[in-house]
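One structure is given below, encoded as structure tokens.
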Amino acid sequence: MTAPKKLFIKTYGCQMNVYDSERMAEALGGEGYVETDTPDDADMILLNTCHIREKAAEKVYSELGRYKGLKAAKPDLKIGVAGCVAQAEGAEIVRRQPMVDLVVGPQSYHRLPDLLAKTQGGARALDTEFPDEDKFGHLKARPKARRAPSAFLTVQEGCDKFCAFCVVPYTRGAEVSRPVDRVLTEARDLVDRGVREITLLGQNVNAYHGIGPDGADWSLARLVRELAKIDGLARIRFTTSHPNDMDDDLIAAHGDCDKLMPYLHLPVQSGSDRILKRMNRQHTAESYLALIERLRAARPDLHLSGDFIVGFPEETEADFQATLDLVEAAEYGSAFSFKYSTRPGTPAAERAQVPEDEKTDRLHRLQALLTRQQRALQDAMVGRDVQVLFEKPGRMPGQMGGKSEYLHAVHVAGADVAPGDLRRVRITASGPNSLTGTLL
Ligand code: SAH
Ligand code: SF4
Ligand code: F3S
């Protein structure tokens, strides 16, 4: 028997890439590869890349540079680039980096085994098509290995929204939803393998419209309610949502579906209507705040998370102030904020840019406010009881760590708990990035 070949995958970007990396590793498992956590002894290195901001894309080229020595020492080493940079710059990568053997886009990685076969004779392979066939339908069934308690499950891909700053509609293509029965089968299989929490993923996950077993068009809310019937599945989350796709039933589900966790990532990007319009977001600050009010009416303890861009072209100090005002009004339990980064081919790239030092200043001010809010909400958990899904040992000896329903990291010391256990915990202290507590 020949020794298995080793595969090193490095994943950048969003959770959808994390999921895709798992699926690619499984697809290559069928070709005799097992995963390794270092590039040094790998027979194949695969970078699953992100193109969302300039720095993310640059990282790929500098990472490839680091593999030159490895490739020189081991000419059989295969180097592949997958993900959104592969999609956006496939031909450019092949031209600029002679050591790259294969380039595969996010919608065609089910063809990885064929592409790999092509490279065996020394040829280079590029596939950045958006094929008609469903890649998930063409991937091998997922192996039966035991899984960690929390898993991702992609149910929707692509985006038709075309926000003026964003590359996703170009790198991931049009919105597509996976059929309901496929999602249910995959979810049941994950639960059979020890998964207790599933996070449904999509670039616009709440725009999910999958064909149901009854032939009807199922919404995300209907899918969530069906998933909630699976015994052994304790928690359901979904991300990322667009405000305009938050329908009545999904709002209601936050109030009446026990397994749907009280946490929602709902990016708004800016609090200025003028900028929102220029971003092509198709909503206003007021409509966003009204939506949050409805969500909190359904689920008063909902923890809200968001994404923000500062220094979008033409953003003035007054526009930025409107963003700070919106943050004050909305109250975020967590948030991600970024300086606007010009992306080639997107409409905003052509517009008057905000100076870099101004972007930096605004980012610091916004982050200070968001951190303050986040910390206040986290500190307010002290003395409260939460439900923790334990995942893995904490950093301190004897500690176990997990997540609360609000997605706070929670650590408990000296407790007899195992990964996958779901236990009530009384919060006793709040640290910079996590809570600590004791089992009840
Ligand atoms: N589909 C998700 C977001 C995907 S990208 C949604 O619509 O919410 C994740 C985040 O990256 C975005 O919410 C936005 O805040 C940020 N982002 C996207 N393009 C960017 C750019 N050109 N510059 C800076 N941040 C950007
Ligand atoms: Fe990008 Fe906007 Fe689509 Fe989100 S909704 S993926 S930000 S274009
Ligand atoms: Fe990045 Fe592509 Fe995700 S650009 S954020 S990896 S969809």
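Under 24 Å of direct C-alpha separation, and excluding same-chain neighbours fewer than eight residues apart, residue 161 reaches these lysines: 55, 135, 277, 339. In this structure the amide hydrogen of residue 9, modeled in the peptide plane, comes within under 5 Å of the amide hydrogens of 36, 46, none closer than 5 places in sequence on its chain. Look at the dipole of the range 147-261 built from charges on Cβ: of 213, 238, 190, the Cα furthest out on the positive end belongs to 190.
Around the Cα centre of the chain, unit charges on the Cβ atoms of Lys, Arg, Asp and Glu (plus for the first two, minus for the last two) sum to a dipole of about 1160 debye. Would you be so kind as to identify which of 145, 79, 60 lies farthest towards the positive end of the dipole of the range 59-146, taking Lys and Arg as +1 and Asp and Glu as -1 on Cβ and the Cα centre as origin? So the residue we want is 145.
Working from Cα pairs under 8 Å separated by at least six residues, relative contact order for the chain is 10 percent.
Close amide H pairs (under 5 Å, H built 1.01 Å from N) link residue 384 with 427, residues at least 5 positions away or on another chain. When only alpha carbons are used to place a centre, the range 384-400 and the range 218-239 end up 25 Å from one another. Relative to the current alpha-carbon distance between residue 182 and residue 61, full extension at 0.36 nm per residue lengthens the span by 39.9 nm. In straight-distance terms, cross-link reach from residue 71 covers every one of the lysines whose alpha-carbon lies under 21 Å from its own, apart from those fewer than eight places away in the same chain; here that gives 5, 6, 10, 59, 118. Near the amide H of residue 410, within less than 5 Å, lie the amide hydrogens of 402, 403, 404, 435, all on another chain or at least 5 residues away, with H placed in the peptide plane.
Which of the three applies to the range 54-115, rounded, prolate or oblate, going by the alpha-carbon gyration tensor with a ≥ b ≥ c and a/c under 1.5 meaning rounded? Note, shape of the range 54-115 comes out oblate. Given R0 = 56 Å, the distance between the Cβ atoms of residue 294 and residue 120 translates into a calculated FRET efficiency of 0.50.
Size check on the chain: the Cα extents along the three principal axes, sorted descending, read 61, 57, 51 Å.
Select from 244, 17, 48 the residue whose mean-square fluctuation is largest in a Gaussian network model of the chain (Cα-Cα springs shorter than 10 Å). Comparing 244, 17, 48 in the GNM, the peak value goes to 244. Approximating the spin labels as points 7 Å out from Cα along Cα→Cβ, the residue 440-to-residue 72 distance works out to 6.2 nm. With contacts taken as Cα pairs under 8 Å at a separation of at least 6 residues, the range 147-261 carries a relative contact order of 27 percent. Using each residue's phi in the range 70-77, evaluate 6.51 cos²θ - 1.76 cosθ + 1.60 at θ = phi - 60° and report the 3J(HN,Hα) Karplus result to the nearest Hz, with x for Gly and Pro. In residue order, the calculated couplings are 4, 5, 5, 6, 9, x, 6, 4 Hz. Would you mind classifying the range 147-261 by shape? Square roots of the alpha carbon gyration tensor eigenvalues, ordered a ≥ b ≥ c; an a/c under 1.5 is rounded, otherwise it is prolate if a/b is larger than b/c and oblate if not. In terms of gyration-tensor shape, prolate.
The calculated P(r) of the range 340-387, using every Cα pair and 5 Å bins from 0, goes 5, 17, 14, 14, 12, 11, 9, 8, 7, 4, 0 in percent. Taking 25 °C and 0.890 mPa s as conditions, the range 134-211 diffuses translationally at an estimated 180 µm²/s according to Stokes-Einstein applied to its Kirkwood radius (Cα pairs). When a/c reaches 1.5 or more, the comparison of a/b and b/c decides; with that in mind, is the range 197-257 rounded, prolate or oblate per its Cα gyration tensor? Judged from the Cα gyration tensor, the range 197-257 comes out rounded (a/c under 1.5).
The distance linking the range 185-217 with the range 161-182 is 16 Å (Cα centroid to Cα centroid, whole angstrom). Calculation over all alpha carbon pairs of the range 276-338 in 10 angstrom steps from 0 returns a P(r) of 18, 54, 24, 4 percent.
The value given for the range 5-127 is a Kirkwood hydrodynamic radius of 14.0 Å, derived from the mean inverse Cα-Cα separation. Size descriptors for the range 357-440 (Cα atoms only): Rg and Dmax, in that order, 15.1, 51 Å.
Which aspartates and glutamates, if any, have their Cα less than 14 Å from the Cα of residue 403, not counting same-chain residues under 8 positions apart? Hits, sequence-local ones excluded: 197, 385, 391, 421. Take the Cα radius of gyration of the range 222-300 and divide it by 2.2 N^0.38 Å, N being the number of residues; the result is 1.23.
Taken together, the values in this text are just the output of simple stated rules run on the coordinates, not laboratory data. As the structure is a prediction and not an experimental result, all values here were calculated from the model. Neighbour counts are summed over all protein chains in view; Cβ atoms, including those assigned to glycine, are modelled from backbone coordinates with ideal geometry.
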